[in-house]
Structures are given as structure tokens and as C-alpha cells.
Amino acid sequence: MRLRLDPPGPAGPPWRPGAPPPMPDEPAVEGMPPWLQERMFEQRMVIVTGPLTGPAATQAAAALLTLDALGTEPVRLHLATPDGDLAAAFGLIDVLDSMRAPVHALVTSLTGGAAIGVLAAAKRRLAYSHAQIRLTEPRAGAVSGTADEVAAAAGQYLRELEELALRVVDATGQPRSRIEDDMAAGRTFTAEEAREYGLLDEIVGR
């Protein structure tokens, strides 16, 4: 997912505060024309698709913060992120925690791994009826370096993994032991199962 919010170069018109970020010639979300992205932004919607990488989280955070600066009406964050980087997820989680505007996360297709933390941080959690949620431990990124550097990276990953589990505990009310067991097993939920588990507040489009 690439959601570019950079103002246009000298050849383009200036961007005015309060207006949606100008859309580049290249679609920020693959397969979606810029005019549609602009309309969705005007409706206070942000889309995150594909693996939740650092650049993807940064661009989504920029869109969320811009909408937060424009008003306090709810923002709808569409998620279709089957996996991702823990550090990127927590960067986006920190943005959600800091926003005045409530964020309503909507799972549109398979979402899991590190993105579960983003879902758990939302004020309301929704999903389409055929969406799936995979509660699984995110993959650790490849690390190279000295033994001490590798050990430090492993320790950081375990701390972030624990914090992710605690986020899910807070959101669902499930015992920590059950959350950790389900994450280790890589449990996948239907939308209805996720609602019963506490991961979702509502199923949309029934």
C-alpha cells in the first residue's frame, strides 16, 4: 500500500490548508484512480491494503493526522492487511491513540498479524460479513549484525509482541493466556466468530 500525500511540485497548483492532499498522477492505492481516492478522503476514509510496512504506516498516519486536524468527526480506517511489521503497526497505533477524532476501523478482507494491534486501538471495530481476522504472531524481520545486536533485536520483538497481546486483551476482555495461545496457533476467525470473541463490535452489511 502506498498512500502518497506529498504536495505537487512547482508545476502543480498550491495545496491549501483544509483541502484534501493533492493526488499524484500515480495512484496511491493500487488499482484506485486518484479522483476516487480524493472523494474517499473527503468522506474521511483512509485505506490500508497489503502488508503493513513502515512506508505504508507512515502514509496512513499522515492521512489520519490530516483528517484529525480538519475536524473531530469520526474517521473510517479500512483495513485489508494480512500481515505486517510490528514497529510499523505501533507507529500507527500511537497516531490513533493521539487523535481527537474517533477512528472506526473496518476490516474489508483478511487482516491479521501486526495489523490486529491497529484494529484493537480503534474506537469502534467493524467488519464486512465475509471478512476474516487472523490472530497470529507477526513475523520477525530479518536481522543481521553482531550477536549482541541480534539479541537486542530479539528482545525488542518479544517486548512488542507482548504489548500487542495486551492490546488485544484490553480490546476483547479475553484472558491473556487465551490470547497468547490463539496467537501462537495462528487462529483465523470469521467475522461472526471475531464478534463473539470481542475483536469486533459490529458486522456491516448483513
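The values are calculated or read from the model by the stated rules, or taken from the named source; none is laboratory data. The structure presented is a predicted model; accordingly, all values stated were derived computationally and were not measured. A quick note on method: Cβ atoms are made from the backbone with ideal geometry, for glycine too, and the neighbour counts reach across all protein chains shown. In case anyone asks, the SASA skips ligands and DNA or RNA and just uses the protein heavy atoms, side chains included. Shrake-Rupley method; radii C 1.70, N 1.55, O 1.52, S 1.80 Å.
Worth pointing out:
- Karplus (6.51, -1.76, 1.60) ³J(HN,Hα), θ = phi - 60°, over segment 37-45, in Hz, Gly and Pro reported as x: 4, 5, 5, 5, 4, 4, 8, 6, 10
- Average accessible surface area per residue within segment 52-99, 1.4 Å rolling probe, Å²: 35
- Listed values for segment 115-124 are Karplus-derived 3J(HN,Hα) couplings in whole Hz (6.51 cos²θ - 1.76 cosθ + 1.60, θ = phi - 60°), namely 5, 4, x, 5, 4, 5, 7, 6, 5, 10, and x replaces Gly and Pro.
- GLU137, GLU196, reordered so the largest accessible area comes first (probe 1.4 Å): GLU196, GLU137
- Karplus-based coupling profile of segment 192-205, in residue order and whole Hz: 5, 5, 5, 5, 5, 6, x, 6, 10, 8, 7, 9, 9, x, with θ = phi - 60° in 6.51 cos²θ - 1.76 cosθ + 1.60 and x standing for Gly or Pro.
- In a fully extended conformation the segment linking ALA154 and LYS123 would gain 8.1 nm over its present Cα-Cα distance, using 0.36 nm per residue.
- Residue-count net charge about VAL75 - beta-carbon cut-off 9 Å; Lys, Arg +1, Asp, Glu -1: 0
- Placed amide H near GLY113: partners under 5 Å, 5+ positions off or other chain: ARG134, THR136
- In units of the rule-of-thumb radius 2.2 N^0.38 Å, segment 64-206 shows an alpha carbon radius of gyration of 1.07.
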